[in-house]
Amino acid sequence: MRIRNTVTALALAASFGATMLATAPAAQAGAYGCTRDGVAANLVYTKSIPTVTGGTGGELRTYWDGYANCSVFVKSAYAGTKTWTYLFITDPDGNGGGSTNSGMFASYAGPVWVHAVNECIRERIVMHDPNGNTVIDYTTSWHSCG
């Protein structure tokens, strides 16, 4: 009986571990890095970002933790392929410490943060294809005000 319980426990642990491995990349361990002191921020805004030709390039996701906004751009165009991608976040007067993340990314750019209590924010996203041609050059309208 003890052997069967041990085998069952090991099988459950292996199953749980495989599930965690399968779901961890999708969740990106705490909302793509939008965490402070180990607590993930809340998703407050999503925006489908168009390509320069009118297709879908990816999704902007903005999170709020009660103190600051955090944004990531999740690629759908060229997902899985490292392409140069740029993400910038700011507040209207620029005093919230806006930030930039750029580089060769396969799945997403960010996180970028700005302290914007009682203020709106906006982001700019630029992405190139593998040949260096611009496929996204988009600036959001002001959003997540307050």
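Quick notes on this one:
- Once the stretch 37-78 is narrowed to residues that are in contact (Cβ under 8 Å) with a residue 12 or more places away in the chain and among the charged types (D, E, K, R), the residue that is farthest from Asp137 (Cα to Cα) is Asp65.
- A residue that is modelled with pLDDT of 95 or more, within 17 Å of the chain's Cα centre (by Cα), surrounded by 18 or more Cβ atoms within 10 Å (Cβ to Cβ) and at negative phi cannot be found anywhere in the stretch 93-100.
- Thr81 in contact (Cβ under 8 Å) with a residue 40 or more places away in the chain, of a type in the set (Ser, Thr, Tyr), surrounded by 13 or more Cβ atoms within 10 Å (Cβ to Cβ) and part of a loop (DSSP other than H, G, I, E, B): yes
The values are calculated or read from the model by the stated rules, or taken from the named source; none is laboratory data. Predicted model only: the values in this text are computed from it and were never measured. Every residue, glycine as well, gets a Cβ built from its backbone with ideal geometry; the counts of neighbours run over all protein chains shown.
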